[in-house]
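Working notes, structure below.
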Amino acid sequence: MSSLMLFPATPEHLITMMPWFKTEAELKQWAGPRFRYPFDHRSFIEDTKLDRLNSQALMQGDALVGFGQFYERAGRCHLGRLVINPDCRGQGHIHTLVELMIQKAQSALSLPDVSLFVLPDNTTAIRAYQKQGFRFADYPGNDPVEGMVYMVKTAA
């Protein structure tokens, strides 16, 4: 089996991802409250902000395994919209996705610390992030995402 690698995400990757979100709740858990539901190809690509955010596809050969985005927020590399293909969950791919995203973000943004938001009831994701060194923190600015908890990983 080929190794997992990050590539710039394309509209085709996003269209492949659309069936991963069967309900509005699943979509909102991944994308946040401003993402339109129901969605179509156009709205999914627009709401993902593919043209404005650094978006990465985690690939294993030709198979889309995961997706994530990063940008600078509050002086940190901020990870967002991390997701693993439902057919690939439970295999440790979230760890690979997060590690590769951190490397890519730190290199692109020249910022040592990393942050992300997660819903407080998404305990599976929280456990995965904690295993990778993230901890809960107070949001440093005045623009947190309502209903989410903020986690950070500081450079060693």
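The values are calculated or read from the model by the stated rules, or taken from the named source; none is laboratory data. It should be emphasised that the depicted structure is a prediction, and the values quoted were computed from it without experimental measurement. Here Cβ is always computed from backbone atoms with ideal geometry, including for glycine, and neighbour counts include all displayed protein chains. With ligands, DNA and RNA removed, areas are computed over all heavy atoms of the protein, side chains included. Shrake-Rupley method; radii C 1.70, N 1.55, O 1.52, S 1.80 Å.
Quick check on the chain: take the gyration tensor over C-alpha atoms, sort the square-rooted eigenvalues as a ≥ b ≥ c, and tell me if it's rounded (a/c under 1.5), prolate or oblate.
Values: a/c = 1.43, a/b = 1.18, b/c = 1.21.
In terms of gyration-tensor shape, rounded.
Starting from 0.36 nm per residue, how many nanometres of slack lie between E72 and M18 once their C-alpha separation is accounted for? Mind dumping the intermediate values first?
Details: separation 54, 0.36 × 54 = 19.44 nm, distance 2.59 nm.
Taking 0.36 nm per residue and subtracting the Cα distance, the gain is 16.8 nm.
Taking the DSSP beta bridges in the chain as the whole, what percent of them are antiparallel, to the nearest 5?
Numbers: 27 of 30 bridges.
Once the DSSP bridges in the chain are tallied, antiparallel ones form about 90 percent.
For region 47-55, just list the computed ³J(HN,Hα) in residue order, Karplus coefficients 6.51, -1.76 and 1.60, θ = phi - 60°, integers in Hz, with x standing in for Gly and Pro.
5, 6, 6, 4, 7, 10, 10, 5, 10
How large is the accessible surface per residue of region 1-120, computed with a 1.4 Å probe and reported in Å² as a whole number? Please list the in-between numbers first.
On the way: 6100 Å² over 120 residues.
Ligands and nucleic acids excluded, the result is 51 Å² per residue.
Please work out the FRET efficiency for the pair V145 and H95, using the Cβ-Cβ distance as r and a Förster radius of 25 Å; give the result to the nearest 0.05.
Details: r = 24 Å, r/R0 = 0.95.
Approximately 0.60, to the nearest 0.05.
Can you tell me, using C-alpha contacts under 8 Å and at least 6 residues apart, the relative contact order of region 74-132 as a whole percent? Mind showing how you got there, number by number?
Numbers: 41 pairs, mean separation 27.0, N = 59.
Reported as a whole number, the value is 46 percent.
Is the C-alpha gyration tensor of region 77-123 telling us rounded, prolate or oblate? Criteria: a/c under 1.5 is rounded; beyond that, a/b larger than b/c is prolate, otherwise oblate. Before the final figure, lay out each step's value.
Working: a/c = 2.88, a/b = 1.51, b/c = 1.91.
Here region 77-123 falls in the oblate category.
Would you mind getting me the FRET efficiency between S43 and D121? Use the beta-carbon distance for r and R0 = 30 Å, nearest 0.05. Numbers along the way, then the final one.
Numbers: r = 26 Å, r/R0 = 0.86.
FRET efficiency, S43 to D121: 0.70.
So, taking all protein chains as they sit and a 1.4 Å probe, how much accessible area belongs to R135, in Å² rounded to tens?
120
What's the FRET efficiency of S110 with E26 using the Cβ-Cβ distance as r and R₀ = 30 Å, to the nearest 0.05?
Computed FRET efficiency for S110 and E26 comes out at 0.30.
In percent, how large is the relative contact order of the chain, given Cα pairs closer than 8 Å and 6 or more residues apart? Mind dumping the intermediate values first?
Values: 228 pairs, mean separation 29.5, N = 156.
With pairs under 8 Å counted, the relative contact order is 19 percent.
With 25 Å as the limit, write out which pairs from K104/K153; K22/K153; K28/K49 have Cα-Cα distances beyond it, or answer none. If you can, show how the numbers build up before the last one.
Values: K104/K153 15 Å; K22/K153 31 Å; K28/K49 15 Å.
Checking Cα-Cα distances, K22/K153 exceed 25 Å.
Keeping the other protein chains in place, figure out the carbon and sulfur percent of the accessible area of region 84-136, with a 1.4 Å probe. Intermediate values should be presented prior to the final figure.
On the way: 1440 of 2890 Å².
Roughly 50 percent, rounded to a whole number.
Roughly how far apart, in whole Å, are the Cα centres of region 94-156 and region 63-90?
That distance is 10 Å.
Nearest 500 deg cm²/dmol is fine: what mean residue ellipticity at 222 nm does the chain get from its DSSP H runs of n ≥ 4 alone, each adding -39,500 (n - 2.57), divided by its residue count?
Helix-only estimate at 222 nm: -9000 deg cm²/dmol.
Of the accessible area of region 1-81, with the probe set at 1.4 angstrom, what percent is carbon plus sulfur?
55
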